[in-house]
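Here, each number is a calculation from the coordinates, and none is a lab measurement. As the structure is a computational prediction, the values presented were derived from the model and not from experiment. Positions of Cβ are backbone-derived with ideal geometry, glycine not excepted, and every protein chain shown enters the neighbour counts.
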Amino acid sequence: MVKPIKSLIDIEFSDESTADLRGRQSVRTTFRLSERSIQALRILASQLGIKQKSLFDHLIDDIQALHVIAQASEDIDLDEHRIPKTYVVSRKTLENLERVCSRFHTSRDVLVEFSIERILPLLSREKEKHEKRKKVLQDLRRYQALGNSLIEKAEAELGQEDPVFDKIMTMMRYVNHTHAEVEDFVKRGEMVEDF
């Protein structure tokens with residue numbers, strides 16, 4: 001027997017659920033970071049197709065990694081030129097960061113900087129993939145040119161009313177659409193080339 005909707009609506013949200021929702025609330029905070037870290041975060045988020053907030057939250061929510069970074073960076077002073085950069089992060093992320101900073105007497109900027117350093121190997125892999133994507137795009141361009149030649153041949157020999165010509169045209173519409181999407185993706189990935 002199905003419970004009436006009214007009884008399901010009467011189930012209250014627990015305090016734990018409410019706290020979890022508050023933890024997801026977005027807040028703005030500013031860090032002083034190197035240009036390299038700012039670019040790394042922006043580029044990787046773009047390459048992965050996610051928001052910087054999601055990537056930032058993922059990096060800082062890893063408490064174990066934060067502890068290791070905090071212990072290893074106790075005596076590190078960031079002497080490189082730093083740029084103030086404001087990010088939107090979850091309240092829980094900011095609380096985690098503040099808690100680790102307080103416990104280890106470490107600067108927030110140092111923790112964030114070295115947390116971002118962890119993604120540099122991912123950027124290197126994305127850079128390699130980008131080069132491979134460019135080669136695949138070249139192959140796709142050749143495939144597209146061959147398909148366009150096939151359309152011309154089918155039109156000349158069969159005519160536009162022929163069902164085979166129609167099928168080839170339909171196929172090439174998909175190829176052209178895919179080509180445009182791949183080209184756009186590769187174009188967006190160009191930012192990783194100079195990193």
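Report Rg(Cα)/(2.2 N^0.38 Å) for the stretch 24-118, keeping two decimals. Mind showing how you got there, number by number?
On the way: Rg = 12.4 Å, N = 95, 2.2 N^0.38 = 12.4 Å.
That works out to 1.00 for the stretch 24-118.
Which entries in the list 85/132; 167/187; 51/129; 53/92; 92/129; 51/85 go over 23 Å, if you measure between the two C-alpha atoms of each?
Values: 85/132 33 Å; 167/187 30 Å; 51/129 20 Å; 53/92 12 Å; 92/129 33 Å; 51/85 16 Å.
Check vs 23 Å cut-off fails for 85/132; 167/187; 92/129.
Note down the magnitude of the dipole of the stretch 52-195 about its Cα centre, charges +1 on Lys and Arg C-beta and -1 on Asp and Glu C-beta and zero elsewhere, to the nearest 20 debye.
Values: 23 positive and 29 negative charges, 49 e Å.
The dipole of the stretch 52-195 has a size of about 240 debye.
State the extension gain, in nm to one decimal, for the chain segment bounded by residue 30 and residue 153, taking 0.36 nm per residue of separation less the distance between their alpha-carbons.
Values: separation 123, 0.36 × 123 = 44.28 nm, distance 6.10 nm.
Result for the pair: 38.2 nm of gain on full extension.
Calculate the radius of gyration of the Cα atoms of the stretch 123-192 to one decimal place, then report Dmax, the largest Cα-Cα distance, as a whole number, both in Å.
Here Rg and the maximum Cα pair distance are 15.8, 51 Å.
Report the full-extension gain for the segment residue 187 to residue 82: residue separation times 0.36 nm, less the Cα-Cα distance, to one decimal in nm. Can you show the working numbers first?
Details: separation 105, 0.36 × 105 = 37.80 nm, distance 2.92 nm.
Roughly 34.9 nm would be gained on extension.
Label the stretch 93-141 by shape, choosing from rounded, prolate and oblate, from the square roots a ≥ b ≥ c of the eigenvalues of the Cα gyration tensor; if a/c is under 1.5 it is rounded, and otherwise prolate applies when a/b is larger than b/c, oblate when it is not. List each step's numbers first, then the result.
Numbers: a/c = 7.08, a/b = 4.28, b/c = 1.66.
In terms of gyration-tensor shape, prolate.
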